[in-house]
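Input: a single structure, listed below in structure tokens.
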Amino acid sequence: MPEKIKLNTEYITLGQFLKLAEVIQTGGMAKWFLSEHDIFINGEQDQRRGRKLHAGDNVKIAGFGEFVII
């Protein structure tokens, strides 16, 4: 069962999401994390820190789990 991450805004960037989901400690770690880990959004690989995530999007991070944006 994917972990649910609740948004208070229309969208969140992938870099902000990583911090909100407690995958990384600081926003500054996002660029490094994205270069080192495979991330799939709705089944497609995407490493763009500025990728906009909306409610209903599914994020899978190898070794960290699966998340759904609500």
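The numbers here are math on the coordinates, done by the rules we state, and not lab data. Bear in mind the structure is a predicted one, so any value in this text is a computation, not a measurement. Ideal geometry is used to build each Cβ from the backbone, glycine not excepted, and the neighbour counts take in all protein chains shown.
Key figures
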quantity	calculated
Other-chain or far-sequence residues with amide H under 5 Å of Ile39's (modelled H)	Asp46
The chain, helix-only ellipticity at 222 nm - DSSP H runs n ≥ 4, -39,500 (n - 2.57), divided by all residues, nearest 500	-5000 deg cm²/dmol
Rounded to the nearest 20 debye, dipole of the chain from Cβ charges on Lys, Arg, Asp, Glu	220 debye
Three principal axis lengths of the stretch 6-70 [C-alpha, angstrom, descending]	26, 24, 18
Karplus (6.51, -1.76, 1.60) ³J(HN,Hα), θ = phi - 60°, over the stretch 41-48, in Hz, Gly and Pro reported as x	10, 6, x, 10, 5, 8, 10, 7
5 angstrom amide H check on Ala55, placed H, neighbours 5+ away	none
Residue-by-residue Karplus 3J(HN,Hα) for the stretch 53-70, coefficients 6.51, -1.76, 1.60, Hz, glycine and proline x	10, 10, 4, x, 5, 10, 10, 10, 10, 4, x, 10, x, 10, 10, 10, 8, 10
